[in-house]
Ligand code: SR1
Ligand code: MG
């Protein structure tokens, strides 16, 4: 066509805008009818990538194209290799085999444009937003624990041939994204780092309770070295509630670009911590006493179920799949699970601290508009976070997790919750 300059999508990478994506779909993909009337919108709100939704106005069919940029959206200071898009496509395919039904389908991966084409999950919603609107998902704990037990155990040395597993470790070596986690989760929150971004009301508390605690610093250093050296399972690597698409009967885990071989408890701890963020948000934002007394126990029960169902399913799956001879020795699987739960407690604590102190925040806290309430909510997260890290060797059951949460809440809101007698009945009084 005269005057029309067609883009070259085959020889050199560039970051696409919405019009480029329409042209890309027309020229490089065959997912829509030839007469499709395409419309594209960038819908990403994460810290790293560009997410385009492409719809055919005629048929109503739609897909998602996710492109990795050369720097993070949150800040140009993070130069992150677009190769993370390969890691994401490859792990989604693998997770789809290990835990069918829990990840979006990937239709194509393009190593030149560093983008992948996947299912549009618009009939689901981002779990963080849903929890901020106080929605309940009774099947979530069952779904996420099936996903966790299967992806974490079936990628480990317990089940895989050790040579094949080491090849996987190579395939999913992800140095730049791991460095982000090493800095943002394990290092910067625990000293007065320039890059930290702390809410004014919380800053002195962070200094006193977190930055001035040398014992805590030492424990986080030990945990950082575990994160860097314990190639136990193929992790999702960033399993917060913004990485989960959900609806009543379906849970889809997205955004595994931080995937690598690390300590299995990293993924479980992220899930638990982000349920705690939702809890603290609800505690400070649900005005009506009855509604609060209904929603908080639901979240407590979900936390309990995540820990308990994971443990149950993990041991059961171990019995069915363990192939390593030494792994069948009596008491070995209990010892192994115990160390995963210890890491889960530690990571719950790290995630709670880093989302308050570090550069990457969560809406659960930032959307609490009353400054005093936000400060109290953040202090709860820091106290709970510190306890999870320091007491990690004695936190093993779902009730242990809820007990730390309740105890932390009670330090900042008088007479709110009975924390002596934690069990699945979750008695909650209603005062804040
Ligand atoms: C520079 S990326 C900041 C954070 O966003 C991602 O979702 C990860 O949680 C990361 O730590
Ligand atoms: Mg993400």
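Quick note: the coordinates plus some simple rules give every number you see, no bench work behind them. Note that the structure is predicted; figures quoted are calculated from it, not measured. A quick note on method: Cβ atoms are made from the backbone with ideal geometry, for glycine too, and the neighbour counts reach across all protein chains shown.
Give the calculated FRET efficiency between residue 34 and residue 75 to the nearest 0.05, with a Förster radius of 56 Å applied to their Cβ-Cβ distance.
0.85
Taking R0 as 45 Å, what's the FRET efficiency between residue 228 and residue 59 from their Cβ-Cβ distance, rounded to 0.05?
0.40
Work the Kirkwood hydrodynamic radius out for the stretch 125-431: mean of 1/r over every pair of different alpha-carbon atoms, inverted, in Å.
For the stretch 125-431, inverting the mean 1/r across all distinct Cα pairs yields 19.5 Å.
Once the Cα atoms of helix 289-321 and of the chain are each reduced to a long axis, what angle between those two axes, in degrees from 0 to 90 to the nearest 10, is obtained?
Long axis of 289-321 versus the principal axis of the chain: about 70 degrees.
Output the relative contact order of the stretch 125-431, whole-number percent, from Cα pairs under 8 angstrom with separation of 6+ residues.
Relative contact order, the stretch 125-431: 25 percent.
Can you tell me the order of 293-299, 354-360 when each peptide is scored by its average per-residue count of other Cβ atoms within 10 angstrom, highest first?
Top of the packing list down: 354-360, 293-299.
Quick one: Debye curve from the alpha-carbon atoms of the stretch 18-119 only, equal weights, vacuum; give me log10 I(q)/I(0) at q = 0.21 Å⁻¹ to two decimals.
-1.13
Could you work out the relative contact order of the stretch 18-119? I mean the mean sequence separation of Cα pairs under 8 Å and 6+ apart, divided by the number of residues, in percent.
For the stretch 18-119, the relative contact order is 19 percent.
Report the label-to-label distance for residue 179 and residue 248 in nanometres (one decimal), using points 7 Å from each Cα along the Cα→Cβ vector.
Each label point is offset 7 Å from its Cα along the Cβ direction, giving 4.8 nm.
Report the paramagnetic label zone for residue 170: residues of the stretch 70-96 whose backbone N is under 17 Å from a point 7 Å from Cα along the Cα-to-Cβ axis.
In the stretch 70-96, the label zone of residue 170 (backbone N under 17 Å from the point 7 Å along Cα→Cβ) covers 87.
Mind giving me the nanometre distance, one decimal, between the label points for residue 217 and residue 287, set 7 Å out from Cα along Cα→Cβ?
For residue 217 paired with residue 287, the spin-label model returns 4.5 nm.
What order, most packed first, do the peptides 180-190, 107-117, 196-206 have when packing is the mean number of other Cβ atoms within 10 Å of each residue?
Sorting 180-190, 107-117, 196-206 by mean packing, highest first, produces 180-190, 107-117, 196-206.
State the extension gain, in nm to one decimal, for the chain segment bounded by residue 192 and residue 321, taking 0.36 nm per residue of separation less the distance between their alpha-carbons.
Separation in residues times 0.36 nm, less the Cα-Cα distance, equals 41.8 nm.
Going by alpha carbons, how many degrees (0 to 90, nearest 10) lie between the helix axis of 162-171 and the longest principal axis of the chain?
Its long axis makes an angle of about 70 degrees.
Separation of the stretch 366-385 and the stretch 226-272 by C-alpha centroid, Å?
Cα centroid to Cα centroid, the span is 25 Å.
Compute the distance in nm between two label points, each set 7 Å from the Cα along the Cα-to-Cβ direction, one at residue 41 and one at residue 122.
0.7 nm
Using only Cα atoms, find the angle between the long axis of helix 18-28 and the longest principal axis of the chain, and express it within 0 to 90 degrees, rounded to the nearest 10.
Value to nearest ten degrees: 60.
Find the percent of Cα-Cα distances in the stretch 132-228 that exceed 24 Å, and round it to a whole number.
The share of Cα pairs beyond 24 Å in the stretch 132-228 comes to 52 percent.
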